[in-house]
1. Which members of the range 135-156 meet the condition of being away from the ligand (no atom under 12 Å from the Cβ), part of a loop (DSSP other than H, G, I, E, B) and over 26 Å from Gly82 (Cβ atoms)?
2. Just checking, does the range 278-295 include any residue being of a type outside the set (Val, Ile, Thr) and closer than 16 Å to Tyr179 by Cβ?
3. Which residues, counting only those in the range 87-107, are farther than 15 Å from Met172 by Cβ and either within 12 Å of the ligand (Cβ to nearest atom) or surrounded by fewer than 24 Cβ atoms within 10 Å (Cβ to Cβ) (or both)?
4. Checking Gly132 against (1) open to solvent by less than 30 Å² (accessible area, probe 1.4 Å); (2) closer than 24 Å to Glu342 by Cβ; (3) within 16 Å of the ligand (Cβ to nearest atom): exactly one of these is not met. Which one?
5. For the range 336-372, how many residues are away from the ligand (no atom under 16 Å from the Cβ), modelled with pLDDT of 95 or more and assigned to a loop (DSSP other than H, G, I, E, B)?
6. From the set of residues in the range 61-79 that are closer than 21 Å to Val18 by Cβ and in a loop (DSSP other than H, G, I, E, B), which is least open to solvent (accessible area, probe 1.4 Å)?
7. What are the pairs, 6+ residues apart or on separate chains, where a residue within the range 418-430 that is more than 16 Å from Ser378 (Cβ to Cβ) has its Cβ under 9 Å from a residue that is surrounded by 11 or more Cβ atoms within 10 Å (Cβ to Cβ)?
8. Pull out all pairs, ordered by first then second residue, where Cβ-Cβ is under 9 Å, the residues are six or more apart or on different chains, the first lies in the range 109-123 and is in a strand (DSSP E or B), and the second is within 7 Å of the ligand (Cβ to nearest atom) and β-branched (Val, Ile, Thr).
Amino acid sequence: MGQNLVLNMSDRGYSVAVHNRTVSKMRDFLQGPAAGRSISGAETLEELVGRLASPRKIMLMVKAGETVDTYIEGLLPLLEKGDIIIDGGNSHYPDTERRTALLESRGLLYIGTGVSGGEEGARRGPSIMPGGSSAAWPALKHLFQAISARAADGTPCCDWVGSGGSGHYVKMVHNAIEYGDMQLISEAYHIMRTLLGMRYDEMARAFDSWNQGRLESYLIEITAAILRTRDDDGSPLAEKILDAAGQKGTGKWTVVDAAHLGVPVTLIAEAVFARSLSARTEERQRASAILGDLSPAPPDLDEAEKARILEDLEAAVYAAKITSYAQGFMLIREAAREYSWEIDYGAVAAMWRGGCIIRSAFLEDITAAFREKQDLESLLQAPFFAKIMRDALPSWRRTAVRAIEGGLPAPALSSALSFFEGYRSNRLPANLLQAQRDYFGAHTYERVDRPRGEFFHTNWTGTGGDVASGTYNA
Ligand code: 6PG
């Protein structure tokens, strides 16, 4: 990714000096793809720093974690006031907060930026989500916006996110939404393959046709291409791939932070845990030998029924996807409040329209919803999305029921449905839950016929006493 970003910068007329700890790797790059360009190599950090004009802009594209700190420690004594260090990896946002404070205390500037789009995106134009020292942005804006992808309206898919770790936070949520999108697509594939008995070329065509409509997105596009890909023996390659998902941590961080902030990102959490369950491959195989015969036989369907089920499935995936993005923005909004970041949600959606892994036509609609109402409480309340959700609900419910009756796990599709049913409910059964808490622990409750903030305790058994416990919420 680092090499491709350098080539991209060089395409836009910037001179770049590069450094790699493994000098042979750097030489291969300079003699290979970088040959004939204004890209030079530096064997040491001293040499690298000596090559750069002030204020120096040094971008690290290294593994998140200790490696970033090691490079910062190496660079600190070499830099001068106003120089900028940029971390373009998937760093955890508290690390970026800490590093920004450290560099600023030394008179330097720090940027933690999300860069999405993989190797190809880095070369052709990624989505870039910078945050950190705001004083560094004017010096970087031109470069970052020049190398980033462009949305259909020509706007660069890069804008200032906010202070501290906000750039990496937004990238973390981007990745978590990516987990959700991937899980939803995988559940749809599972339903097509197992419940509808579709062949691989048929499924590829279905995803192709979804990609012509409102679900148009990079991830749907590559899914169709993956389903078409054959192994050397001519069979679908996907069938040969072990069903054990990996994960590098951004999804997990999102769920942990969401739990900390009390934000119900249920679809993302299910997507993370679905990966965790898939990775317990051997245990599942042992369980399958004991429990695997519980799946009912797939239904015998004619073509018209199949088409109807597919239509429902498309609507269900779309509605669940809207719910997932609504949850993701709910989290960003809460994080901004908690960590004192000023984030323009419309600008975030706009940055995701091109270059990144979750790029899609749908992000244009999200951008428009936030542009129409800056302080939109939830995407689900935007008139455009509210109508889609109302229309899709019957299809979504039928799809969830079909998956359950067919014995197929569809955790993202069905938990998002439960979230949505809860979100649109004026009254949930939490009244009973509060009564239970008060019954066994005198935790108190509020009453519908009294103002919020007044707490009551009932002596439910007549023996529990009238003393209430504290009313704090964690
Ligand atoms: C991107 C990707 C990128 C990477 C993820 C994969 O935006 O370009 O999200 O950051 O592919 O780190 O994450 P997992 O390994 O956790 O799936």
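The values are calculated or read from the model by the stated rules, or taken from the named source; none is laboratory data. Everything numeric here is computed off the predicted structure, so don't read it as measured data. In this analysis, Cβ positions are derived from the backbone assuming ideal geometry, glycine residues included, and neighbour counts consider all displayed protein chains. Heavy atoms of the whole protein, side chains included, go into the accessibility calculation; ligands, DNA and RNA do not. Shrake-Rupley method; radii C 1.70, N 1.55, O 1.52, S 1.80 Å.
1. Hits for the range 135-156 are Ala151, Ala152, Asp153, Gly154, Thr155.
2. yes
3. Of everything in the range 87-107, those that are farther than 15 Å from Met172 by Cβ and either within 12 Å of the ligand (Cβ to nearest atom) or surrounded by fewer than 24 Cβ atoms within 10 Å (Cβ to Cβ) (or both) turn out to be Arg98, Arg99, Ala101, Leu102, Leu103, Glu104, Ser105, Arg106, Gly107.
4. (3)
5. Qualifying residue count for the region: 5.
6. Residue satisfying both the conditions and the ranking: Leu79.
7. Final answer for the pair search is Ser418/Thr266; Ser418/Ala400; Leu428/Gly422.
8. Every condition considered, the pairs that remain are Ser116/Ile357.
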